[in-house]
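Remarks on the structure that follows.
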Amino acid sequence: MKHVSFSGRLVMVGFGSIGQGVLPLILRHIAMPAERITIVTAEERGHDVAKEYGIKFMRQPLTRENYRTVLEPMLGQGDFLLNLSVDVSSVALIELAQARGAFYLDTCIEPWAGGYTDPSKTPSERSNYALRESARALIAKYRNGPTAVMTHGANPGLVSHFVKEAMLHIARDTGLPAIAPTDRSGWAKLAQTLGVKVIHVAERDTQVAEHQPKRRGEFVNTWSIDGFVGEGCQPAELGWGSHEKHFPADGKRHDFGCDAAIYLMRPGAGTRVRSWTPLEGPMHSFLVTHNESISMADYYTVKDGDTVTYRPTVHYAYHPCDDAVLSLHEIAGKNWDMQPSKRLMMDEITTGMDELGVLLMGHKKGAYWYGSRLTIEDARKLCPHNNATSLQVTVAVLGGLVWALENPKAGPVEADEIDHARVMDVCRPYLGEMAGAYTDWTPLSERERLFPEDVDRNDPWQFKNFRVV
């Protein structure tokens, strides 16, 4: 099925695992000639894939000094700038796309190289909260300009649409009207009415390369290693809910912006939380900073004047593939100094799946997980140059592209602000089994069997109960 026709030029910045995986989806589902696509990337990696599809490939790292010179000749009115890079400022590229009259999409808000770990900046200044505020400032500036979809991969991105579908399921199952609200206020009121206190992006990746285990001095992952390490070294961040009674001892508030989130004075890759998925069950996960932790907490906030009357606590709870866990353990022991070798698992994966979903907790039915169970076998059948993790990202990129082209004058928008049903229509055929499951699990389940713990038994949904200390 061709979802939409596109007559402009498409410039793809970055061509790692996501770029290589999304290219066949674009050619399959967007009616446009391959000769109108150009790849601009810092590395030789992926040149063979570009050649396979007859796509122009330009190896040219983008910097503060040269990005305009390189990209301006390639972009004009009605063209599309697809940013799948690392170490290139998203805000700079959004501004360039708006100036040229071009569409835009990225999967996260990136700073220029070094921005995640610049020791001259405070933790607040190098947080995802700060990056999001810098991008959100463009909304008023370019309202009704060419559509720029910000942070629309799997997470952030697809999971925002999972949350909306999950809330409609809970409404249906608790006797409320399961009718999708039409605006932000309506969705926030629905979350409040349901009584959702906590939202985890709860993900368990079980993909494994049985014949090629991780070696010492090697970082192994199923998606961008540079991206994962960069966000893992940022402060742990979470949307801070209105029900929370115990502010973390190492927690900090920002002194600017929407005030929907806090950060911890420690890296996300060194912060663990308790979470749950249907197939894994209870698990210890990493509270890695992500844009959706902030955007969803902000989006679902209800206020009476300037007073917040409702807001859920929101954060990522990520258990990566086992080799990535070993890689994180090793890098933490080296004080977050990256291993000399990196390996992105793709063809060597022998089995496993990515169980990616959202866990909504605190409502009448306790907790509800909803999301995608995509196996490596199904991912390979569905689309070349993908594993289970990358396909959940690349199809979300496709969904965002389609929505942008169908809504050309929306200006800069986040995933929470766009039509979840349309994006899910595009994505669902590539997500494997879409499953929903209720559970009576709480972060207090089976606690204090061996040792006493500092927990709040009056409210299981307090962040202090989720945190692993």
Discussion item. Just the number: Rg to Rh for the chain, Cα atoms, Kirkwood Rh, two decimals.
Written reply: 0.94
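Counting only DSSP beta bridges with both residues in the chain, what percent are antiparallel, rounded to the nearest 5? Mind dumping the intermediate values first?
Values: 46 of 81 bridges.
Within the chain, antiparallel bridges account for around 55 percent of the total.
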Response to the item:
Low-density loop GluC sites (Glu not before Pro), the stretch 1-69, at most 14 other Cβ within 10 Å, DSSP non-H/G/I/E/B, are Glu43, Glu44, Glu65
Discussion item. Give me the one-decimal nm value for the distance between modelled label points at Lys342 and Val468, 7 Å along each residue's Cα-to-Cβ direction.
Written reply: 2.5 nm
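For the stretch 395-449, with every protein chain kept in place, what is the accessible area per residue (1.4 Å probe, Å²)? Each step should come with its number before you reach the end.
On the way: 2030 Å² over 55 residues.
So the stretch 395-449 comes to 37 Å² accessible per residue, rounded to a whole number.
Given a 1.4 angstrom probe, what's the average accessible area per residue across the stretch 213-363, in square angstrom? Numbers along the way, then the final one.
Numbers: 5480 Å² over 151 residues.
On a per-residue basis, 36 Å².
If you place +1 on the Cβ of every Lys and Arg and -1 on the Cβ of every Asp and Glu, how big does the dipole about the Cα centre of the chain come out, in debye to the nearest 20? It would help to have the intermediate numbers written out before the result.
Details: 50 positive and 58 negative charges, 109 e Å.
Result for the chain is approximately 520 debye, rounded to the nearest 20.
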Discussion item. Net charge around Leu81, counting only other residues with Cβ within less than 13 Å of its Cβ (Lys, Arg = +1; Asp, Glu = -1)?
Written reply: -1
Discussion item. Under the 0.36 nm per residue contour assumption, what length would be gained going from the current alpha-carbon distance of Ser120 and Lys334 to full extension?
Written reply: 74.9 nm
Practice prompt. Can you pull the one-decimal nm distance between simple spin-label points at Arg143 and Arg266, each 7 Å off the Cα toward Cβ?
Written response: 4.3 nm
Item to complete: Identify, among Val358, Pro340, Val393, the residue whose Cα sits farthest towards the positive end of the charge dipole of the stretch 280-393, taking +1 on the Cβ of Lys and Arg and -1 on the Cβ of Asp and Glu, with the dipole about the Cα centre.
Response: Val358
Worksheet item: What nm distance separates the two modelled labels at Asp173 and Ser445, each placed 7 Å from Cα along Cα→Cβ?
Response: 1.3 nm
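Can you give the FRET efficiency for Ser7 and Arg422, using 1/(1 + (r/R0)^6), R0 = 25 Å, r = Cβ-Cβ distance, to the nearest 0.05? Walk me through the numbers before you get to the answer.
Values: r = 21 Å, r/R0 = 0.84.
Here the calculated transfer efficiency is 0.75.
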Worksheet item: Hey, any idea what % of the chain's accessible area is carbon plus sulfur with a 1.4 Å probe?
Response: 50 percent
Practice prompt. Taking the dipole about the Cα centre of the chain, with the C-beta of Lys and Arg at +1 and of Asp and Glu at -1, give me whichever of Thr313, Gln77, Ala437 is farthest to the positive side.
Written response: Gln77
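Shape call for the stretch 237-384 from the C-alpha gyration tensor, a ≥ b ≥ c root eigenvalues: rounded (a/c under 1.5), prolate (a/b greater than b/c) or oblate?
Taking the square roots of the gyration eigenvalues as a ≥ b ≥ c, the stretch 237-384 is oblate.
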Response to the item:
A chain fully extended from Val455 to Gln60 at 0.36 nm per residue, minus the present Cα-Cα distance, gains in nm 136.9 nm
Response to the item:
Low-density loop trypsin sites (Lys or Arg not before Pro), the stretch 222-309, at most 16 other Cβ within 10 Å, DSSP non-H/G/I/E/B, are Lys245
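The values are calculated or read from the model by the stated rules, or taken from the named source; none is laboratory data. Please read these numbers as outputs of a predicted model, since none were measured by experiment. Heads up, the Cβs are rebuilt from the backbone with ideal geometry, glycines too, and the neighbour counts pull from every protein chain shown. Heavy atoms of the whole protein, side chains included, go into the accessibility calculation; ligands, DNA and RNA do not. Shrake-Rupley method; radii C 1.70, N 1.55, O 1.52, S 1.80 Å.
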